[in-house]
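Chemist: The following block contains the structure, expressed as structure tokens.
The values are calculated or read from the model by the stated rules, or taken from the named source; none is laboratory data. Predicted model, so just to flag it, every value in this text is computed and none were measured. In this analysis, Cβ positions are derived from the backbone assuming ideal geometry, glycine residues included, and neighbour counts consider all displayed protein chains.
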Amino acid sequence: MRLLMNKERCERYCFQKIRSLPQDKRKKMERLELVLFDMDGVLTDTLSSWRFIHDHFGVSNEHSVRAYISGEIDDMEFIRRDVDLWRKEGKLIHSDRLKDLLRQIPLMAGAKDCIQTLHEQDIETAIVSAGLDTLAIRVAEELGIEHVYANGITTDETGYLTTEGILRVPLIEKDKVVLKISEDLKVSRDHMAAVGNSCYDLPMLQMVPLGIAFNPSDECICEKADMIVMGRDLRELLKVFAPYL
Ligand SMILES: [Mg+2]
């Protein structure tokens, strides 16, 4: 299935310009034990938690995105430049303020029903997001998700943000995080599914037997996903999971 929407966006920023996809696709799933969820655009109804804060401050990180995708800067520098944009009178914001701002981001429709149904079937869930852990922790608490892998920002002793990131999920290397999760939780990749909405989720989808493009924002992920779920209601995922529930 090919989608034409936002095609240009993916071509401009596609990570496949700087790395190739992992070629270790698991083929067959006998039982489902763990579902890995991307956050922004999947569990939350926003394109990017970073972008949400940029928009709040009326800034753009277009330059850094370009530098990152062309391989000029790494994830830590990307985070540093992003956070550096959020200054008010030269000062970075307090972590409580960040928390308050991110509270405005809504959950995706059907998120509670979807996660609850999985948990009722003893299927574990995890968030794998290159977005902000402040939001990921809130979402995990609201939905009862057990495991969170997301990126953070260090704070000083008074709780103000510094520009130093805490990198747990490299934007274009979610495949590495899948391996770490498999080790951490002692769950074989053969028993995992992954859900993502953008081409940055592809390395994660490629590592498990059931990779689902949900509410896809670019063509790239649709080409490689095992299943595509259109629309913005996570209950639709349950139809895909039905054979394993
Ligand atoms: Mg996303």
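Chemist: Quick one: is residue 219 of a type in the set (D, E, K, R) and under 23 Å from residue 13 (Cα atoms)?
Modeler: Values: of a type in the set (D, E, K, R): yes; under 23 Å from residue 13 (Cα atoms): yes.
So residue 219 passes the test.
Chemist: A follow-up question, please. Tell me the helices (runs of 4 or more DSSP H) entirely within the stretch 154-226 that contain at least 1 residues that are more than 15 Å from the ligand (Cβ to nearest atom) and surrounded by fewer than 23 Cβ atoms within 10 Å (Cβ to Cβ). It would help to see each step written out before you state the result.
Modeler: Values: elements: 174-185, 202-205, 219-224.
So the answer is 174-185, 219-224.
Chemist: Follow-up question, since we're still on this one. Output the number of the condition that residue 62 fails; it satisfies all remaining conditions of (1) touching a residue at least 40 places away in the same chain (Cβ under 8 Å); (2) within 30 Å of residue 20 (Cβ to Cβ); (3) surrounded by fewer than 16 Cβ atoms within 10 Å (Cβ to Cβ).
Modeler: Of everything listed in (1) touching a residue at least 40 places away in the same chain (Cβ under 8 Å); (2) within 30 Å of residue 20 (Cβ to Cβ); (3) surrounded by fewer than 16 Cβ atoms within 10 Å (Cβ to Cβ), residue 62 misses just condition (1).
Chemist: Within the stretch 16-42, restricting attention to residues that are among the aliphatic types (A, V, I, L, M) and within 19 Å of residue 184 (Cβ to Cβ), which residue is nearest to the chain's Cα centre (by Cα)? Walk me through how you get there before you give the answer.
Modeler: Narrowing the stretch 16-42 to residues among the aliphatic types (A, V, I, L, M): 18, 21, 29, 32, 34-36, 39, 42.
Now narrow it down to the ones that are within 19 Å of residue 184 (Cβ to Cβ): 32, 34-36, 39.
Numbers: 32: 20, 34: 16, 35: 13, 36: 9, 39: 4 Å.
Per the criteria, the residue is 39.
Chemist: Do we have any residue at all in the stretch 139-152 that's away from the ligand (no atom under 16 Å from the Cβ), of a type in the set (Asp, Glu), within 16 Å of the chain's Cα centre (by Cα) and more than 17 Å from residue 26 (Cα to Cα)?
Modeler: Yes; the residues of the stretch 139-152 include at least one that is away from the ligand (no atom under 16 Å from the Cβ), of a type in the set (Asp, Glu), within 16 Å of the chain's Cα centre (by Cα) and more than 17 Å from residue 26 (Cα to Cα).
Chemist: Consider residue 235 against the criteria (1) at pLDDT below 95; (2) away from the ligand (no atom under 14 Å from the Cβ); (3) of a type outside the set (A, V, I, L, M, F, W, C); (4) touching an Asp or Glu at 6+ places or on another chain (Cβ under 9 Å): it satisfies all of them except one. Which criterion is unmet?
Modeler: With (1) at pLDDT below 95; (2) away from the ligand (no atom under 14 Å from the Cβ); (3) of a type outside the set (A, V, I, L, M, F, W, C); (4) touching an Asp or Glu at 6+ places or on another chain (Cβ under 9 Å) applied to residue 235, the lone miss is (1).
Chemist: Something else about it: Looking at (1) within 22 Å of residue 111 (Cβ to Cβ); (2) of a type outside the set (Ser, Thr, Tyr); (3) away from the ligand (no atom under 15 Å from the Cβ), which is the only condition residue 37 fails?
Modeler: (3)
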